[in-house]
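Read through the structure below, which is laid out as structure tokens, and then see the notes.
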Amino acid sequence: MKRLLALAALCAPALLLTACGETAPLRPQTGKSLPPKPATAMTAPDADKLMTPSDQSRPKRNDELLQSSQKRPVDKFDLPPSG
């Protein structure tokens, strides 16, 4: 029981510190800048644009369900194993 209380006493401050984070817009660290503008882009992307995943990295879900069973076409090369 004492171990459980000691563990709770150690974890409680850590949980409190993680819960008090302030949300603010992202900015580069002092002395650093955002990446340079890509060669083919009209403008340099801002922090929000850089944090948004592209469609290629997070493709849309395909919900196309099989509506009806379809017979497979005859395949003359679908032969049984030899032996």
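The values are calculated or read from the model by the stated rules, or taken from the named source; none is laboratory data. Given the structure is predicted, the values throughout are model-derived calculations rather than measurements. Here Cβ is always computed from backbone atoms with ideal geometry, including for glycine, and neighbour counts include all displayed protein chains. Quick note on the areas: whole protein, heavy atoms, side chains included, nothing else; ligands and nucleic acids left out. Shrake-Rupley method; radii C 1.70, N 1.55, O 1.52, S 1.80 Å.
Tabulated data
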| quantity | calculated |
| --- | --- |
| Selection status of Arg58, at pLDDT below 85 and either surrounded by 10 or more Cβ atoms within 10 Å (Cβ to Cβ) or under 30 Å from Pro28 (Cβ atoms) (or both) | yes |
| Among residues of segment 32-52, those that are of a type in the set (Gly, Ala, Ser) and open to solvent by less than 90 Å² (accessible area, probe 1.4 Å), counted | 3 |
| Inter-residue pairs, beta-carbon under 6 Å, first outside any loop (DSSP other than H, G, I, E, B) and in segment 43-62, second at pLDDT below 85, 6+ apart | Ala47/Leu26 |
